[in-house]
Structures are given as C-alpha cells and as structure tokens.
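As structure tokens, the structure follows; a few thoughts come after it.
Every number here is computed from the coordinates shown, using simple stated rules; none is lab data. What you see is a predicted model; the values in this text were computed from it and never measured.
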C-alpha cells in the first residue's frame, strides 16, 4: 500500500539549545518500555545461584550489620521500635533507590549499541532501569512486612502512603539518574564515582540513625536530601512514629521536582550527541 | 524528481565531527588538563582547524517505491548519511524529510540479549525496531519459519551458532513493514544461501509492497540486483546520482585497490612463498565492458597484466592465474604450462599479460591467485590470494540477468527439438 499524501513526515534537521520534552512520543513507546523492563528483569538474576533472593539479602545483610554496629555497639536511638526493623524500614526504600540510581546512570553506556544503531526515545533506558527495580523492592517490602509481624508492630492505615512514597523514590532515582547517565556518556568517571556517591548518600540519609537527632528547626533542611524525606515517610507510615514527615517531605518533594524537570530537559538537550560521543 | 512524489528528500545535509573526538570519550581529568593547557581551545575549534566533515552538502530525492543504492568507498559518508536519516545522529546542517513510517536496519540484532531465548529476543528486537506487540504476534510464525531455527525457539540465544543468531535477527527485521526502509551493510553477515534469501525478501518487499528502500552495500552484485538508482558518495560529498549501472561503473572506476580494474595493484607486500628469484610486483586486470568500468562479466574476457621483477635471467615453464570462490574452492586455473611454452624473464621488470578469452563465472566476488614456477624444479613465486575481483552483472533489471539460484559457473545452453 503506497503511503498516503497525509502520511506522517519525519523532519531531520540540526538542533541546538533546549528542546521540548516530547512526552507524547514517550507515552507512545510504552510497549518498548515494557519489553525493556521485561528484559532487564529476565536477565538480572540469570546464572546466579541465589536468584531473586538477592533482592532480599541486600537489605537484610545491611540491616544485620547496622544492628550490630549502630544498634548494639553505638546504641543509637531507634524511636522506640526494635533497631533491626527500624533500620530495615529505611534500608528497603534505600536499597531500591541506590540500585535504581546505579542502573539508570549506567543504562546509556551499557546500551551503547542501541544508542548508535537505532532511533528510539532515549529516555526509555533510564526509565526502564528505575521501573525494573520496583520488582526487587516489592520482594524486599514483603520481608519488611514479615519483620513487622515478628516484632508485633501494628499495621495502620498509614501504610497506604507507601505507594506514593515509592513514586517519590522512583522519581528521585530517575532525576539523579538522568543527570548522571548523561554525564556518564561523556565522562566514564561517573561509573567509578557511583559506589562512592551512593555510600556517602546512604550516611547522609537518616537510615542508620533517626532524623530526630537533628534539631527540630533544622529538620526541613534535611529534606534537601530527597531520600531523607522519603525514609522519614516510610517510618511514619510503617513504624507508627508520632511525628509526621511534614515539612521535611515537602522540601524533599520540591527538590525532586526541580531535579527531575531539570534532568529531563538536560537529557533532551544532550541526547542528540549521545551516538556521537558514547 | 521532487515535491510530493519524494519519499525521502535530502537538502544540503552535512555532519561535522571534531577530530580526535570522533567516537571517543574523555575522562574528566583529561578535560581538566586540556582546559588548563589550552584555555582558548573553544575558539580554535571554531576556526575550523580540527573539524572534519563526514558529510557535506549532500542533496537528493528518492521517489516513493524506489529502491536506491548508496555506494562509495570507506569513509565516503554512507553510514553517516544513513545514521542521520535514521535519526541516530543529528545533522550539523541541512534538512531531510522522510514521508511515511521509517524502519532502519543499521545492524542486525540490535538489542538481542544472549541470555534471552529466541522467542523473547524476537519480541525484544521487534519492539526496538518499532513493531507493535500485536504486529509481532501476527507475524511470529512467519518470522520463525524464515529464520529456520525450529526447535531452538526456547533456547537462550547464547547457545545459538552465530549463523543462527544472524538468521533470527534478519528474520525479525525482514518482517518489519515500514513505508521507508533504510538498510546498511547487513547482508555481509550470514552464509551465501541465507544472503540470497534475504536479498529475495528485500526485493519482494520493495516490489510487491511498493515501499521505498535505501540500501548501502559493498556487494555490487546485490546493489545491481536490487536498486534502480544509485547515489555515489566520495569523501563526504555527493559525486553522482543516476541509473545503477552508470553509477556502479563510475564507483568501480574511481575506487582504488582491490576491486578496481585498470589500476595497478601493488603486490610487493602480499603473502607469498617461493624461492624469490622472480616476484610478482604489481598486477592489474581489465575486461572489455566499458559501461561497467572495465569490470569482468559472465562469459566476457579477462586480461591480467603482470609486472614481474626478476633478479636474474629465469626461464619459466608455468605462469598461472587461479580464481577461487570465497570459500577457497579453486574454480579456474589458467596455466601457461598447458600451452607448452616457456617464458624467458630478463633481470629487472618484465611486463606481460594473460588473457582469458571467456570467464565462465557468474556474478560474484572471487579471489585471484598468482603462480610462477619452473615445473618439477622449484616454485619461484606463489601469491595464493593476490586480490579480489568482482564479476558483474552486465545488464540489470530485476532478476532478468541474474537468476538468484544460479550456480557459480556459466554454461552455453540451447534447446534442441528432437522430433
């Protein structure tokens, strides 16, 4: 069938400066996104002995170490709940965030061949990394729920806030991941700096310790680190801590929004050079 | 041709790269060091000293339903052009308009993951090429049949032979149904049998489907079979546009080295054996097909002109030109020993030629070897693979001149009425 006169016309022209986001094209590519997520899920634990158990082991082992060092030895305050479950409530969203961030940051570099050989909305690569991580999170979250049952921590309606908090965590991982992924294309230093970055970020976030250690009037400042608000939110939703994440979380959400919108535009601006540079 | 008929309209397209950074990346440290060393580097770049145009000022139109070939040597800008049209890279200047859904195939099997099964990879690869899941579902059986992978459908692709991987990847791509198909040198992979099948499929797509195809290949035989019109690129610029035969002839006449008749091919560094009392120094070959740039054609003549450097007076009983196919099967051995004459070589450079009156070979690429010996005594110089020659299709026009499943050699055929 010959193309009609009204057939879609693709115009290829030089581009400079900021480009529109074209989110519609992104939405139209949902099937490719689905397959990219599926591929990364199917491949992730292939040829490993423990398979998806790694999704659980990562936060659990860190929890064990934290409990020993910060709970037993340093005797940090854990807001009246047993330290292990206190730590795990922070580690489960954190582990998701750290993995999603790392994978999103490396997503472009690892798919070099796709970048140089085929056109598709490049945003799908970091987006797929961030979405695929949610499955691991779901598994780890079930373990967290078991821990809560084990320590007789009552469930409340606040648990309904968890999906919203996870959207925020995914947005944070995507936002930071977009910037780092673009930088990674040009400077492979990013790959080496990432483990260090996530480690520093881990301790800058109230996971091993409680954010109540910070004087009350400074707490909204802690929210400048978006993960701080999200981790506080998790503890509020699950561990029945009295004080809501309020101001901290609001600051965090504002920071994430800025970082994300900026990251999207930066990504769009830089993506046309990916195939030349990667 | 232009206006509403054009499926692809390219207008003064150009792509500039900065030299030294083409395909490269730098670490942050290098960037800092360089910035410290040359704070005015940015201005220097703008002065145009270290920029390189991979493509410049290229304009052409391709009509709807046309199959156009892009030919040119290495670095001519063919791949850059295809990458721009595929929107993988952004042009530096100019404009291109493509009417209809674009499918591009710059590589076979982009997005294949070795850990996934054949079935999973078909879906993955299809989605990457821009197919909808429903579309893949519909064509799935056809794709599998084309790829001939049968019972290995649910085996991880890493257990496949490389041939199977290529077959599967091409099968997916071949079932893509875009209105404009952009294909880079993908047929270079796979065995000869499958290459033929792919060519057949592409021909079917363009002829029956009325689709526009833009095709890059080094295989002139494939270009001649598929394309009605060709575009010749040279060092990033447009050299000529015209009917396939004219352009292919022009390309071959321009191209230096292996595939070019009437240019001298240097053999002093070729892999060889023999006592070295005389050595093949250079060779050139020519046929009488002026319209194909002197390239040999089936049943046409082939003249091999040789320059032989001798260190002492030598009498040679056997001077031979051997033609092999690409698998190394010896097809023709044109040896002077069969003539029963000896050749006397003087010290210094000797010029002589061997003329094969009729080369009974069908179109394709063949390897030519050279042999010089005193029979029963010594091999003087043996260059088993001196260079490649391509036997061309003399006329084009679809399958008319070169049926796809021709054998390698020609024969004279007639029908006799025995009644």
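Determine the equivalent ellipsoid of the protein assembly as shown by diagonalising the alpha-carbon gyration tensor, then write out the semi-axes as square roots of 5 times the eigenvalues, largest first, rounded to whole Å. Please list the in-between numbers first.
Values: eigenvalues 788, 151, 136 Å².
Semi-axes, largest first: 63, 28, 26 Å.
Using only the alpha-carbon atoms, what does chain A span along each of its principal axes? Please give whole angstrom values in decreasing order.
Rounded to whole Å, the extents work out to 71, 46, 38 Å.
What is the Cα coordinate range of segment B:174-248 on the first, second and third principal axes, sorted by size from largest, in whole angstrom?
33, 27, 20
Convert 10 °C to kelvin, take the viscosity as 1.306 mPa s, use the Kirkwood radius over C-alpha pairs of segment A:171-278 as Rh, and evaluate the Stokes-Einstein diffusion coefficient in µm²/s, rounded to a whole number.
Calculated translational D: 104 µm²/s.
Can you report the principal axis dimensions of segment B:70-150 using only the alpha carbons, biggest first, rounded to whole angstrom?
Sorted from largest, the Cα extents of segment B:70-150 read 45, 28, 22 Å.
Thinking of segment B:53-194 as a set of Cα atoms, what percent of all their pairs are more than 28 Å apart?
25 percent
Regarding segment A:33-188, what's the average projected area of the Cα-atom convex hull, expressed in nm²?
Values: hull surface 44.6 nm².
Computed as one quarter of the Cα hull surface, the answer is 11.2 nm².
Compute the Kirkwood hydrodynamic radius of segment A:65-133, taking the inverse of the mean of 1/r over all pairs of distinct Cα atoms, and give it in Å to one decimal.
Mean inverse Cα-Cα distance, inverted, gives 14.5 Å.
Give the distance, in whole Å, between the Cα centre of segment A:79-138 and the Cα centre of segment A:1-74.
Result: 7 Å between the Cα centres.
Taking the radius of gyration and the Kirkwood hydrodynamic radius from Cα positions alone, what is the Rg/Rh ratio for segment B:125-209, to two decimal places? List each step's numbers first, then the result.
Numbers: Rg = 12.7 Å, Rh = 13.5 Å.
When Rh is taken as the Kirkwood radius, the ratio is 0.94.
If the viscosity is 1.002 mPa s and the temperature 20 °C, what Stokes-Einstein diffusion coefficient in µm²/s follows for segment A:20-82 when Rh is the Kirkwood radius over Cα pairs?
This corresponds to a translational diffusion coefficient of 137 µm²/s.
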